[in-house]
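Let me begin by presenting the structure, written as structure tokens, before commenting on it.
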């Protein structure tokens, strides 16, 4: 299930709500607004070779990691967020908060470094499972049908799907289109 709903289903929203001292509805609303921004930022960064390699390296570090909020290293999460959004981080936080009915900039800022490692752990499981599947086709036809399996393909599939487009739906406008510049 490599879609945004699949990712959302793995997010421990109740634990996040407890950690941040908000109700579950507020936490869920904020998570739903942040996910497309985070995935979109990663997709934008993966459009060039250096960004894709950096992200694949990060996926390797997060492969097999727990998605438990108690296990999240927020300092690592902050590094991920800074790498994904660069100088546009404040603009992204503002844009996400503006689209959320329940979450303000303070909550979005606190949630990003918690959510980023969880998203990377999920992406790592999807990415490495796809690589294993792509390496195993038995027939020439199966080999032809399997894609390149790169991280850009996975993220592009998430962001480029109708669901991804609906979720992004102008949320960040041109903020993510140019990567971290």
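Quick note: the coordinates plus some simple rules give every number you see, no bench work behind them. It should be emphasised that the depicted structure is a prediction, and the values quoted were computed from it without experimental measurement. Here the Cβ is made from the backbone with ideal geometry for all residues, glycine too, and neighbour counts use every protein chain on show.
Things worth noting here:
- Of all residues in the stretch 67-80, at least one satisfies being under 16 Å from residue 123 (Cα atoms) and loosely packed, with under 14 Cβ neighbours inside 10 Å.
- Counting the residues of the stretch 26-58 that are more than 16 Å from residue 97 (Cβ to Cβ) and surrounded by fewer than 21 Cβ atoms within 10 Å (Cβ to Cβ) gives 10.
- The set of residues in the stretch 34-93 being in a loop (DSSP other than H, G, I, E, B) and over 27 Å from residue 19 (Cβ atoms) consists of 46, 47, 48.
- Residue 55 being in contact with a helix residue (DSSP H, G or I) (Cβ under 6 Å, 6 or more places away or on another chain), within 19 Å of residue 7 (Cβ to Cβ) and touching a residue at least 24 places away in the same chain (Cβ under 8 Å): yes
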